[in-house]
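Down below is the structure, laid out as structure tokens.
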């Protein structure tokens, strides 16, 4: 089952912020992490992550710096900022509302009493 | 023979074509691609296969470039404005240089002993000629030295580059202005009032006409030379 584009796009921001709240990370590893936690069902076009990251940076939610990896490769690391953590908190609350609303509809069995 | 670096450069150029990505964006994507290629090679793919799978996973270059355009919108707009400013300055610079040089020609003509209304024609005629020459040569030289507009982008991207360009332009304009004033003073001093008046009359008459002619000439030259791709999109 593949997740439609709209849903992928909508969940990208909380997804990235959540992963970065675990610690600083770079694009390639973020993609791998998304792949891993969704069991490969959440398919991102790899390159599309970067515009998302840059947008979050422009909004002041995360910050970035260039560093060199163990293999000597230049990498851009992203780190969540305080505003980002706050944003994540509000996003989490929003997603929980949607989730619990749907859950109630789906789990409401007909009452026999 | 498959050369990874060559292929990666080609791929970068394809992304750069739309002028929506910054160099740092491309560096970041390349770093990602190389990580992916390393991983795929560990999984048993050849370098060429790994490159193809890696670029495919990163996504279509055109769609990707468009996506970056949305994020870099302000950057793109700034570049466009800077380019428009440069064109405007080039126009002013070319007219001003032509104006100054034509005044020098006029001075030389009068020093050679030419007088009257006919001598005054030297100024507007040489002005138009020099104007055409500057625009034409300026365009040819830029196209030859910087065909893809890379150097231009480099200057436009850095604050220091813009500052240097601006101060250089300012100094040049000042020097031209000084030369122009000097020529006018010299002419007024060496010629009798009557002679000066006769020479200046056609000059003034035509200089008004030149303001209309010059933009038209500029258009014709630009259409004839056809702007480069980056000029159309920038």
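The values are calculated or read from the model by the stated rules, or taken from the named source; none is laboratory data. No experiment lies behind these values; they were computed from the predicted model shown. Note: ideal-geometry Cβ built from the backbone for every residue, glycine included; neighbour counts use all protein chains shown.
A few points about this structure:
- Which numbered condition residue B:197 fails, given (1) closer than 19 Å to residue B:116 by Cβ; (2) in contact with a helix residue (DSSP H, G or I) (Cβ under 9 Å, 6 or more places away or on another chain): (2)
- Helices (runs of 4 or more DSSP H) fully within the stretch A:26-113 that include at least 3 residues being farther than 19 Å from residue A:13 by Cβ: A:82-107.
- Sole residue being surrounded by fewer than 18 Cβ atoms within 10 Å (Cβ to Cβ) and touching a residue at least 24 places away in the same chain (Cβ under 8 Å), chosen from B:116, B:120, B:161, B:85: B:116
- Test result for residue B:171, outside the structural domain of residue B:25 (by TED's automatic domain parsing) and in contact (Cβ under 8 Å) with a residue 12 or more places away in the chain: no
- Residue check for residue B:70: in contact with a helix residue (DSSP H, G or I) (Cβ under 7 Å, 6 or more places away or on another chain), away from chain A (no Cβ under 14 Å) and either assigned to a loop (DSSP other than H, G, I, E, B) or within 24 Å of residue B:29 (Cα to Cα) (or both): no
- Residues of the stretch B:56-67 classified as in contact (Cβ under 8 Å) with a residue 40 or more places away in the chain and more than 9 Å from chain A (Cβ to nearest Cβ), total: 3
- Condition met for residue A:38 (away from chain B (no Cβ under 13 Å), under 13 Å from the mean Cα position of the chain (by Cα) and in contact (Cβ under 8 Å) with a residue 60 or more places away in the chain): no
- Being in contact with a strand residue (DSSP E or B) (Cβ under 8 Å, 6 or more places away or on another chain), more than 10 Å from chain B (Cβ to nearest Cβ) and either within 16 Å of residue B:25 (Cβ to Cβ) or touching a residue at least 60 places away in the same chain (Cβ under 8 Å) (or both) holds for only one residue in A:88, A:53, A:61, and it is A:88.
- If you go through the stretch A:64-79 and keep only what is touching a helix residue (DSSP H, G or I) at 6+ places or on another chain (Cβ under 8 Å), within 18 Å of residue A:18 (Cβ to Cβ) and within 11 Å of chain B (Cβ to nearest Cβ), you end up with A:64, A:78.
- Residues of the stretch B:9-33 satisfying the condition of being crowded, with 20+ Cβ neighbours inside 10 Å and within 8 Å of chain A (Cβ to nearest Cβ): B:25, B:28, B:29, B:32
Residue-wise test of (1) assigned to a helix (DSSP H, G or I); (2) within 25 Å of residue A:65 (Cβ to Cβ); (3) not assigned by TED's automatic domain parsing to the domain that holds residue B:162.
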site	(1), (2), (3)
B:20	no, yes, yes
B:35	yes, yes, yes
B:45	no, no, yes
B:66	yes, no, yes
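- Which listed residue is more than 30 Å from residue B:209 (Cβ to Cβ) and assigned to a helix (DSSP H, G or I), from B:51, B:89: B:51
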